[in-house]
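J.: Take a look at this one; I'll ask things after.
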Amino acid sequence: MLSQIVTLLKIPRPGDFIEVTIDSLTAEGLGQATFQFQLEHETEPRTYIVFVRYGIPGDKLRVRIQTSRRKRISAVIESILEPSPIRITPRCMHFGQRVSTQLEQTSQKGCGGCTLQSISYRHQLALKEKTVKKLMAVEGIDPGKVYPVIGQEDPWFYRNKMEFSFGDDHHRNFALGLHPTGMRHDILSLEECFLESDFSSKLVKSVRVWAESQGFQPYLSGQKTGFLQSLIVREGKRSGERLIELVTIDDDTTELGGKTVSAREAAQHFCDFLLAYAAEQDEVLSSLYWTQFRNVAGERSSHTEHLMHGLPVLHEEMHLPGNVQLRFEIHPRAFFQPNTLQAETLYATVLDRTGLGQSTKSTGEKSATILDLYCGTGTIGMCLAPFAHKVIGIELQADAVENARKNATLNGIENIEFFVGDVGKVLASPEFSDALSDDGDGLKTPDIIIVDPPRSGLMANALTHLEMLKSPRIVYVSCNPKSLARDLRLLQNLGYSFDHIQPIDMFPQTYHIENIVVLNLDEVINEVM
């Protein structure tokens, strides 16, 4: 959508105000508009693309230019001239503005968490679908293959983990909360948050007030002073368990209330408050950790964990089709899907689109051998194992594999095996060949390969491994539709095709969108079940 051409005396620069109409959202959740103007001494108009944080398609806005480079303008909202029909009042008081402890608006940075809260949820899903389609089209992928987004029944209080930082706010007051967008040092002290739980939201505010009253000092990286670094809250959405981790610097002593005390004494004092607060709220803390974080130039950073109360791990469950229930032990350093309930939806969708769940249910047979490349802590492999003949995971990080093996044992999953090391080296090892062949028949091709890469997508060596293995089916789980589109084009060049792309909304109120694609090797008759 092109804005009306306006006549200007000079090229717009930072600090200038312009009027634009937002026509779309970028993959990063920014409102995008086209701004056309003509200088009085020129005959042809100029066209600039304008990106506006918190701009919504359909908004007519007066915006202030922050940066302008190569006909691309970054701007912030000065005023809403005509709101979009899909604009709603955001639920959270912090959305769209950076707030001091006095709750006065100082800028439009926001807390750094939600980005789409001012859009009704059904329209969030529609816009995410549109974004995926647009990114696919850029790489020559048929946008008609993008299915409607699978949303979450309740798009609030869904996160099972959040990390809150200690520091100071814009006015240099004691703060506990999140970093405003683009700010490395300032902290926005949260008064409320609707992403993790009501308990977590109230806890953060109470901890901030109490810690300041006791004389605790937040760690300020620029000054190398202070003690408190972060407060991490994990909650089992299925199990009901709760693990809280207090992270501090690794000094032996600290200043507390005007006197020097041991770090352990200070941490114990803090943990006693957390337990007392939970009891007052009639809530239970199943685990409480104090972790000392060491980060010295020239050294590898490290964590020293001290269990101060309760269980050494948080337990969480996954409920899958066929009444399959898995239980996971989550250590403070372990990765786990941040949205338990939507992760269940994701894995159930993989089972459905690969036919694994239906085949097992109808015949009782579990014939597929699955290779989970770059498996991390092995969560997806363990969720597929009850429906497969065998699952093999490969992961470079030894601690992740150790966690995966423990959880496999916890769930009595005997048909899964994990290898530690570089994928290329593992694939070439005789131990891997023996695991894949199962009965010594020399089988070297898994029936299904699972790939769940980071946001950057598949690296060149990963594509080489996939080309070498020539599995009849690849399941690609993506957290970035832009890199997914590129990789789908490359996989098509390797002889793979696919029927559709299924987006799943793992992070409501944000621009993030997960996608699942099942690809089949064209030259192979695909009968894996």
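J.: What residue among Phe51, Leu274, Leu231 has its Cα farthest toward the positive end of the dipole of the chain, where the charges are +1 on Lys, Arg and -1 on Asp, Glu, each on the Cβ?
T.: The listed residue farthest towards the positive side: Phe51.
J.: Taking a point 7 angstrom from the Cα of Leu396 along the C-beta vector, which residues in segment 329-347 have backbone N less than 18 Å away?
T.: 335
J.: Quick one: Cα convex hull volume of segment 1-83, Å³ per residue?
T.: 86 Å³
J.: ³J(HN,Hα) across segment 140-148 via Karplus (A = 6.51, B = -1.76, C = 1.60, θ = phi - 60°), whole Hz, x for Gly/Pro?
T.: Per-residue couplings from phi come out as x, 8, 4, x, x, 7, 7, 7, x Hz.
J.: How much of the accessible area of segment 244-394, in percent, comes from carbon and sulfur atoms when a 1.4 Å probe is used? Write down the numbers at each step before the final one.
T.: Values: 3110 of 6390 Å².
Of all accessible area on segment 244-394, carbon and sulfur atoms account for 49 percent.
J.: Write down the radius of gyration of segment 52-100 and its Dmax, each obtained from C-alpha positions, in Å.
T.: 12.3, 37
J.: Using protein chains only and a probe of 1.4 angstrom, how many square angstrom of Thr89 are accessible, to the nearest 10?
T.: 120 Å²
J.: Could you rank the peptides 271-281, 157-167 by their average count of other C-beta atoms within 10 Å per residue, with the highest value first? Don't skip to the end; give the middle numbers.
T.: Working: 271-281: 14.6, 157-167: 21.3.
Ranked by mean Cβ neighbours within 10 Å, highest first: 157-167, 271-281.
J.: Average projected area of the Cα convex hull of the chain, in nm²?
T.: Details: hull surface 113.5 nm².
Averaging across all directions leaves 28.4 nm² for the Cα convex hull.
J.: Now for a different question. For segment 217-320, list log₁₀ I(q)/I(0) at each q in 0.11, 0.16 Å⁻¹, using the Debye formula over Cα point scatterers of equal strength and ignoring solvent, two decimals each.
T.: Treating every Cα as an identical point scatterer, log10 I(q)/I(0) equals -0.40, -0.76.
J.: To the nearest 20 debye, what charge dipole does segment 286-359 have about its Cα centre, counting +1 at the Cβ of each Lys and Arg and -1 at the Cβ of each Asp and Glu?
T.: Working: 5 positive and 7 negative charges, 41 e Å.
Its charge dipole is roughly 200 debye.
J.: If you count only protein heavy atoms with a 1.4 Å probe, what accessible area per residue comes out for the chain, rounded to a whole Å²? Numbers along the way, then the final one.
T.: Numbers: 23900 Å² over 529 residues.
With the other protein chains kept in place, the chain gives 45 Å² per residue.
J.: About its Cα centre, how strong a charge dipole does segment 136-288 have in debye, to the nearest 20, once Lys and Arg get +1 and Asp and Glu get -1 at the Cβ? Numbers along the way, then the final one.
T.: Working: 15 positive and 25 negative charges, 38 e Å.
Charge dipole, segment 136-288, about its Cα centre: 180 debye, nearest 20.
J.: Here is a further query. Over segment 281-349, how many percent of alpha carbon pairs lie in each 10 Å bin up to the one with the longest distance?
T.: Spelled out per bin, shortest first, that is 16, 34, 29, 17, 4, 0.
J.: Two decimals, Cα atoms only, Kirkwood Rh: what is Rg/Rh over segment 140-257? Show your work: numbers first, answer last.
T.: Details: Rg = 18.1 Å, Rh = 16.2 Å.
Ratio of gyration radius to Kirkwood radius: 1.12.
J.: Could you give me the percent of Cα pairs per 5 Å distance bin for segment 229-287, shortest bin first, beginning at zero and ending with the bin that holds the maximum distance?
T.: So the P(r) values, bin by bin, are 4, 16, 23, 22, 15, 11, 6, 2, 0.
J.: Right, here's the next one. Based on the Kirkwood radius over alpha-carbon pairs, what value in µm²/s does the Stokes-Einstein equation return for the translational diffusion coefficient of segment 314-410 at 20 °C and 1.002 mPa s?
T.: Working: Rh = 13.7 Å.
For the chosen part, D equals 156 µm²/s.
J.: Rank these by accessible area, largest first, 1.4 Å probe: Glu299, Glu514.
T.: Descending order: Glu299, Glu514.
J.: Please give the charge dipole size of segment 389-511, origin at the Cα centre, charges +1 on K and R Cβ atoms and -1 on D and E Cβ atoms. Round to the nearest 20 debye. Mind showing how you got there, number by number?
T.: Numbers: 11 positive and 17 negative charges, 116 e Å.
Here segment 389-511 has a charge dipole of around 560 debye.
J.: A further question on this structure: Compare the Cα positions of Tyr219, Gly357, Ile86 along the charge dipole of the chain (+1 at Cβ of Lys, Arg; -1 at Cβ of Asp, Glu; about the Cα centre) and return the one farthest towards the positive end.
T.: Comparing the listed Cα positions along the dipole, Ile86 ranks first.
J.: Looking at Thr253, Pro312, Ile18, which one has the Cα that reaches farthest to the positive end of the dipole of the chain (charges on Cβ: Lys, Arg +1; Asp, Glu -1)?
T.: Result: Ile18, furthest along the dipole toward the positive end.
J.: Okay, moving on. Show the residues, 5+ positions off or on another chain, whose built amide H is closer than 5 Å to the amide H of Arg159.
T.: When sequence neighbours closer than 5 places are left aside, the close amide H contacts are Glu196.
J.: Follow-up. For Asp198, what accessible area in Å² do you get when you roll a 1.4 Å probe over the heavy atoms of the protein chains, rounding to the nearest 10?
T.: 80 Å²
J.: With each run of n ≥ 4 DSSP H residues scored as -39500 (n - 2.57), what mean residue ellipticity at 222 nm is computed for the chain after dividing by its residue count and rounding to the nearest 500 deg cm²/dmol? It would help to have the intermediate numbers written out before the result.
T.: Values: 11 runs with 130 residues, N = 529.
After summing the helix terms and dividing by the residues of the chain, the value is -7500 deg cm²/dmol.
J.: At 25 °C and 0.890 mPa s, grab the translational diffusion coefficient of segment 382-529 from Stokes-Einstein with a Kirkwood Rh over Cα pairs, rounded to a whole number in µm² per second.
T.: Numbers: Rh = 16.6 Å.
After rounding, the answer is 148 µm²/s.
The values are calculated or read from the model by the stated rules, or taken from the named source; none is laboratory data. As the structure is a prediction and not an experimental result, all values here were calculated from the model. We place every Cβ from the backbone using ideal geometry, glycine too, and count neighbours over all the protein chains shown. We work out accessible area using only protein heavy atoms, side chains counted, and drop any ligands, DNA or RNA first. Shrake-Rupley method; radii C 1.70, N 1.55, O 1.52, S 1.80 Å.
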